Each structure stands twice: as structure tokens, then as C-alpha cells.
1. Looking at segment 35-45, can you tell me whether even one residue there is hydrophobic (A, V, I, L, M, F, W, C) and out of contact with any helix residue (DSSP H, G or I) (no Cβ under 6 Å at 6 or more places or on another chain)?
2. For segment 131-142, state whether one or more residues are within 21 Å of R180 (Cβ to Cβ), over 12 Å from the mean Cα position of the chain (by Cα) and buried (at least 19 other Cβ atoms within 10 Å of the Cβ).
3. All but one of (1) within 30 Å of G169 (Cβ to Cβ); (2) open to solvent by 50 Å² or more (accessible area, probe 1.4 Å) hold for D125, so report the exception by its number.
4. Criterion first (open to solvent by 10 Å² or more (accessible area, probe 1.4 Å) and in contact with a helix residue (DSSP H, G or I) (Cβ under 9 Å, 6 or more places away or on another chain)) does N90 satisfy it?
5. Give me the pairs: first residue in segment 140-153 and touching a residue at least 60 places away in the same chain (Cβ under 8 Å), second residue basic (K, R), beta-carbon distance under 6 Å, and six or more apart or on different chains, which are they?
6. Any chance segment 97-113 includes a residue that's open to solvent by less than 10 Å² (accessible area, probe 1.4 Å) and of a type in the set (D, E)?
7. Restricting attention to segment 122-133, does a residue exist that is among the β-branched types (V, I, T), out of contact with any strand residue (DSSP E or B) (no Cβ under 8 Å at 6 or more places or on another chain) and touching a residue at least 40 places away in the same chain (Cβ under 8 Å)?
8. Run R64 past the list (1) of a type outside the set (G, A, S); (2) under 21 Å from E159 (Cα atoms); (3) surrounded by fewer than 24 Cβ atoms within 10 Å (Cβ to Cβ); (4) free of Cβ contacts under 8 Å to residues at least 24 places away in the same chain and report the number of the one that doesn't hold.
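The values are calculated or read from the model by the stated rules, or taken from the named source; none is laboratory data. What you see is a predicted model; the values in this text were computed from it and never measured. Here Cβ is always computed from backbone atoms with ideal geometry, including for glycine, and neighbour counts include all displayed protein chains. SASA here: full protein model, heavy atoms, side chains in, ligands and nucleic acids out. Shrake-Rupley method; radii C 1.70, N 1.55, O 1.52, S 1.80 Å.
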Amino acid sequence: AGAADRAGASEKDREDAASIAIARSQVDERRGDAVRAARRLDEALAADPDDARLELARAGVDDRRGEWRAALARAEKLLAREPRNVEALNFTGFVAADHGENLPLATKRLQAAVALSPGVGGVIDSLGWAYFRAGDLPRAAVFLEQAMRLEPGDAEILEHVGDLYAKRGERSRALEAYRRAQGIHGHRPPPISR
């Protein structure tokens, strides 16, 4: 085999190893062992420190453990390397907005993510959520309702829409959105693209 074939196989091997590490870390988390999930991803990052998927998966573990500032710091390093990485823009914007951290910057990043990846319900939801957290309910409604139309079976989006309706005093619509969210088995996978 030629050098190009070996390089292609090596790249495929690295991609497979990263995918396996991410999947196994998600299993660890579902079993309640976030420490093991983090360790597994740290080991994979030691072998392939430039893999954006691994870095975002690791940031997601931090966020779900309540260490959202550490999660943002990890994702910020990735954005410094890859400023047009939609997943990193979406992750940093959503996590910051969710915690009320620097909402103008979070919104700008989410606007960039939507511009780079229009029509993706999860990204549109994140931008709507940033507007919601900033108190801009009319803009929040535009994006959250669009996200719900794009992904009507996404529990997290339905929950955000329910929060919007509740905040606007539309109790019956809020209740319907929450009931639909409850009827869906599980939320979307841990945020890699969120």
C-alpha cells in the first residue's frame, strides 16, 4: 500500500478510536460514572489532542457535572483553533446563555452558528434560548417555534417552548408543550452539537 493509503487508514483509525471513546464515555455517564467518562475522554485526548469531537464531548461531561465554567474554557480553546466550528459555537453559546453568562457574546456566537448551519433545529433552539434568557421574548418565540417545527420530537426544544409560553402567561400552550416533552423518551444526546 502507498503512503496515501496508509495515511487514509491512519485517519480512519483515529476517527474510529474517537467515536468509540465518545460512545463508551456516554455509556459510563448513563451508568452514573461521570468520573470514568471524563477519564476515558482525557485518555483519548492525550492520544489525539486536536480532535474537536473529543474536546466537545469532554466539555459536555464537565457541563453535565455542573462544571460549566470548565466546560466553557475547554470549548473556548477549541474556538481559538477553529473559530468557524459550528458545534463549538453552539456549545459555548448555549452553555453561556443557559447560565446567564455574557449573553451578548453567547448570542453573537449562536447567530454565527445559525448562519453557518441554517435549518438545524438544535442550533436554532440555542439561539432562541439565548434570546429567552436575555428577556427578548418576541425574538425567542421566532427561533424556539421554528426549532419546534423543525424538530417536533425533541424534548429539550419542547421544554424551551413550554418555558416561553409559561413566561408569556399562555398556560394551556405551556402545559401542552411540557406534556409533549414528557411523552418523549429521553432528551437529545449529550451536547456535542449543542
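1. yes
2. yes
3. (2)
4. No: the conditions fail for N90.
5. Here the result reads none, with nothing in segment 140-153 linked to a residue that is basic (K, R).
6. no
7. yes
8. R64 satisfies every listed condition except (4).
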